[in-house]
Amino acid sequence: MKRALSPMLLAPGWSNALIAAAAAFIVWKLAQGLNRMDNAAAVITEPAGQLWSDVAATANGWSPVEATQAGFILNSKYVSRDGYINSTWRKAIEQSHPGNAALFDEITTGGQVKPQYLYLIDGIVSSATIKG
């Protein structure tokens, strides 16, 4: 005696749901593949893009901004509550003038503002404002 398939399995709603699920899975897998290809393309083209940027900047007379004297404002938005200075901001300030690195070395230890220099937050940091 053969068993008949359940009428529920043959219902059109179930077959449409299976087709929709299969389509969603295929779209998801394709998106993953495209994302991998996009990442690979970015890795391959990044050096060429950077080279092009450097050539265009040089051809157009670009040069980095440099301060004429050491000193900066120790902006509180780049200093955390525990006194640590944002490393990206610090690096940018140090690159703007060679003397700024020495100022940072004087007022910080391990990337954190020394307690005796907390008064400099939101103020000007220069050789004149650092009280020895």
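Computed from the coordinates by the stated procedures, all read-outs in this text should not be read as laboratory data. What you are looking at is a predicted structure, and each value in this text was computed from that prediction instead of being measured. As a convention, Cβ positions derive from the backbone with ideal geometry for all residues, glycine included, and neighbour counts pool all protein chains shown.
Quick rundown of the values:
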read-out	value
Least to most buried among Phe25, Phe72 (fewest other Cβ within 10 Å first)	Phe25, Phe72
Magnitude of the charge dipole, the chain, Cβ model with Lys/Arg +1 and Asp/Glu -1, debye to 20	920 debye
Label point distance in nm, Gln50-Leu118, each placed 7 Å from Cα along Cα→Cβ	4.0 nm
Residue (of Ala41, Asn16, Gly71) at the positive-pole extreme of the chain, dipole from beta-carbon charges	Asn16
Between helix 87-96 and the chain: long-axis angle, C-alpha atoms, 0 to 90°, nearest 10	50 degrees
Label zone at Ser76 (point 7 Å along Cα-to-Cβ), backbone N below 16 Å, region 114-132	117-125
